[in-house]
Amino acid sequence: MSSDFPFWPLLQAESVLTLATADACGSWSAPVLYAATLVNEQPILYFLSAQSSRHIKNLPVNGSAAGSIYATYQGDWQAIQGLQMHGAIVEVDQQDKDLWQTTYFSRFPEVANMINSPASESEQKIAQAFEKSGKYRFTPHFIRVTDNSGQFAQKNEWTFD
């Protein structure tokens with residue numbers, strides 16, 4: 001299934017999704033740790049965020065947002081690879097929480113360990129904040145892949161319903 005999506009290895013290799021929303025004060029972007037999975041051949045990116053964060057409070061009723069993921073730059077512009085996406089963010093409902101938790105904590109076991117067994121007072125505070133955080137999913141409706149390794153500014157695109 002993931003072989004149908006040449007962007008899948010990049011999506012699995014990276015861990016920071018930059019989300020972009022807008023409000024009356026203007027555009028805003030925020031990085032979040034994400035874990036990706038496929039549900040019915042649809043990429044889903046799960047993340048945690050405070051419900052009071054600007055990027056979550058800015059979401060319109062339909063959850064519309066943009067996101068981007070880029071591989072770390074290694075000093076070679078011909079190796080630039082990344083994803084630009086548009087989709088919807090929704091808070092994970094009760095029936096989806098098990099998949100969210102399995103996917104997210106499999107990708108970030110250190111977060112699960114810190115939540116379940118905080119080693120310091122600082123980690124206890126962080127664990128409490130994680131527990132209070134909203135669990136969200138970003139579902140891309142459109143993905144554009146930038147891959148300079150084949151041709152400068154080469155772009156391939158996918159649309160999902």
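Observations on the structure shown:
- Residue order, fewest to most surrounding Cβ atoms within 10 angstrom, among Trp77, Trp8: Trp77, Trp8
- When the chain is treated as a GNM with alpha-carbon contacts under 10 Å, the residue of Thr72, Thr103, Thr146 showing the greatest mean-square fluctuation is Thr72.
- Taking Gln124, Gln84, Gln51 in turn, the Gaussian network model of the chain (Cα-Cα springs below 10 Å) assigns the largest fluctuation to Gln124.
- Anisotropy class of the stretch 27-80 from Cα gyration tensor, a/c 1.5 cut: oblate
- Long-range Cα-Cα pairs in the chain (distance over 22 Å), rounded percent: 46 percent
- 28 Å Cα cut-off, lysine pairs counted over the chain (separation 8 or more, or different chains): 8
- Between 0 and 90 degrees, the angle of helix 121-132 with respect to the longest Cα principal axis of the chain falls at about 70 degrees.
Each value in this text was obtained by applying a stated rule to the coordinates, not by laboratory testing. Every value quoted in this text rests on a predicted model; they were computed, and no experiment measured them. Here Cβ is always computed from backbone atoms with ideal geometry, including for glycine, and neighbour counts include all displayed protein chains.
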